[in-house]
Amino acid sequence: LAHKAEDEGIICVEGIAGGAVHIDYNCVPSVVYTHPEVAWVGKNEEQLKAEGVEYNVGTFPMLANSRAKCNQDTDGMVKILGDKKTDRLLGAHIVASCAGELIN
C-alpha cells in the first residue's frame, strides 16, 4: 500500500542521509479492498493472547455511525484493543465500506 511505501521511502532517505533507520510495522495500516473493506493496524487478539498481554476490547457497530446511516451502508464495525492497565492502543480493526479511509 501507499502508506507502507511512503514510510519505507522516508526511512530509506533518512538512512542515506546518515540518520537512524527504524520502522515499526505495527504502526503501518493494512487494507483489503472488498465490500465491505477490512482494515487494521497493530496487533489482533490472538497475538496479544499468545504474548500474554492483558487487554480490553471496545467495539462500535457501523449501524450507530451517522455517516454510515446517511449513506445507507451500515454493515460493519470497529474494534479497538487497548492495554488493560494503561489504555495504550494495541490494535484497531475496522470492517466497513470506508475502512481504508478510517484506519488512517
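The values are calculated or read from the model by the stated rules, or taken from the named source; none is laboratory data. Note that this is a predicted model, so its numbers are computed, not measured. Note that we place each Cβ from the backbone using ideal geometry, even for glycine, and neighbour counts take in every protein chain shown. For accessibility, only protein heavy atoms count, side chains too; no ligands or nucleic acids. Shrake-Rupley method; radii C 1.70, N 1.55, O 1.52, S 1.80 Å.
Taking 0.36 nm per residue of separation and subtracting the current Cα-Cα distance, fully stretching the chain between N56 and K84 would add 9.5 nm.
To the nearest ten degrees, helix 2-16 and the longest principal axis of the Cα atoms of the chain are 20 degrees apart. Rolling a 1.4 angstrom probe over the protein heavy atoms with all chains in place gives the chain an accessible area of 66 Å² per residue.
GNM on the chain, alpha-carbon springs under 10 angstrom: the most fluctuating residue among A39, A68, A17 is A17.
About its Cα centre, what dipole magnitude does the chain give when the only charges are +1 on Lys and Arg Cβ and -1 on Asp and Glu Cβ, stated in debye to the nearest 20? Let's see the in-between values first.
Details: 9 positive and 15 negative charges, 70 e Å.
In total the dipole reaches around 340 debye.
Of the GluC sites (Glu not before Pro) in the stretch 1-58, the ones in a loop by DSSP (not H, G, I, E or B) with at most 15 other beta carbons within 10 Å are E54.
Using only helices, what value at 222 nm comes out for the chain when you add -39,500 (n - 2.57) per DSSP H run of length 4 or more and divide by the total residues, to the nearest 500 deg cm²/dmol? Please report the intermediate quantities before stating the final value.
Working: 4 runs with 31 residues, N = 104.
Value at 222 nm, helices only: -8000 deg cm²/dmol.
When the alpha carbon coordinates of the chain are projected onto the principal axes, the ranges are 50, 33, 19 Å, largest first. Close amide H pairs (under 5 Å, H built 1.01 Å from N) link G91 with K43, L81, residues at least 5 positions away or on another chain. Pop out the carbon and sulfur fraction of the accessible area of the chain as a percent, whole number, probe 1.4 Å. Exposed carbon and sulfur together represent 54 percent of the surface. Potential lengthening of the chain between Q72 and N26 amounts to 13.3 nm, from the contour at 0.36 nm per residue minus the alpha-carbon distance. For C98, nonlocal amide neighbours, meaning residues 5 or more places apart or on other chains whose placed amide H falls under 5 Å from its own, are E37. Of all lysines in the structure, not one has an alpha carbon short of 16 Å from that of K69, not counting any fewer than 8 places away in one chain. Residue-wise HN-Hα couplings along the stretch 87-96, as the Karplus relation 6.51 cos²θ - 1.76 cosθ + 1.60 with θ = phi - 60° gives them from phi, are 6, 4, 5, 10, x, 9, 9, 10, 10, 5 Hz; Gly and Pro carry x.
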